[in-house]
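I have placed the structure first, in the form of structure tokens, so that the comments after it can refer back to it.
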């Protein structure tokens with residue numbers, strides 16, 4: 001169930017040519033963010049009784065591409081099993097034309113390495129498909145269907161479509177999180193929220209006392225935003241239910257102000273705790 005939680009931030013059908021042609025309209029703000037994760041709900045007899053963690057996220061920019069680094073640590077508690085600590089370090093680079101992609105992930109469970117994934121992928125221009133070549137866990141090659149996007153191109157397309165007033169977007173996205181290939185993401189976009197929405201950071205951010213709870217303030221948050229709900233489906237035309245769903249408030253500069261993840265048996269909330277602007281490259 002926790003196979004791909006890093007898709008919370010990067011983390012919908014459009015041809016690659018259209019997505020890349022629009023990407024330059026987005027004024028991306030390179031940044032570093034820290035989120036705290038807590039259990040928001042759990043179904044009876046679902047097994048999960050507690051979950052806490054942190055997600056450290058860094059979106060950097062180079063002259064020719066985007067770098068993403070995501071590090072999360074989750075502590076899961078179960079009704080009939082021992083607690084589990086899960087960690088992941090996921091690092092990617094994606095070219096600004098959206099055609100080249102490198103990925104590297106290392107996951108541990110209770111301190112033991114559970115999985116290592118490494119490889120690169122390429123797409124043809126004009127919305128053509130491509131290939132993904134894995135070095136780890138074993139050397140293998142996957143075909144990527146026409147119209148596939150890499151994660152940053154997908155995020156930029158979401159912002160462009162939201163700016164255009166579109167409310168439903170579907171796309172195939174490959175992020176290298178597993179050797180299963182691209183996933184289908186269906187996104188529903190709400191109306192624009194033009195006014196900045198403060199992020200509460202006190203001990204009880206869902207119902208804070210105004211005089212007791214400080215607000216996370218940053219120029220990066222003084223932007224237009226949209227509430228977006230995404231459903232992640234496996235690369236299987238017969239799948240009726242998503243693997244999981246992600247809700248987020250996405251700003252027009254690429255910052256995710258808050259997130260929620262629904263895995264079916266349980267759901268988690270991610271609250272923005274720290275936010276720092278990173279420099280843009282001089283090219």
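If we scan the range 191-212, do we find a residue that is under 17 Å from the mean Cα position of the chain (by Cα) and either modelled with pLDDT of 80 or more or part of a strand (DSSP E or B) (or both)? No, the range 191-212 contains no residue that is under 17 Å from the mean Cα position of the chain (by Cα) and either modelled with pLDDT of 80 or more or part of a strand (DSSP E or B) (or both).
Scanning the range 216-237 for residues that are surrounded by fewer than 17 Cβ atoms within 10 Å (Cβ to Cβ) and over 22 Å from residue 39 (Cα atoms), we see that the one that is modelled with the lowest pLDDT is 237. Kindly indicate whether any position in the range 38-50 is buried (at least 20 other Cβ atoms within 10 Å of the Cβ), assigned to a strand (DSSP E or B), at pLDDT 90 or above and over 14 Å from the mean Cα position of the chain (by Cα). Checked the range 38-50: at least one residue is buried (at least 20 other Cβ atoms within 10 Å of the Cβ), assigned to a strand (DSSP E or B), at pLDDT 90 or above and over 14 Å from the mean Cα position of the chain (by Cα).
Of all the residues in the range 76-129, those that are within 18 Å of the chain's Cα centre (by Cα) and under 20 Å from residue 51 (Cβ atoms) number 6. Looking across the range 250-270, the residues that are surrounded by fewer than 20 Cβ atoms within 10 Å (Cβ to Cβ) and in a strand (DSSP E or B) come down to 258, 260, 262, 267, 269.
The values are calculated or read from the model by the stated rules, or taken from the named source; none is laboratory data. These numbers come from a predicted model, not from an experiment. So basically every Cβ, Gly included, is an ideal-geometry build from the backbone, and we count neighbours across all protein chains shown.
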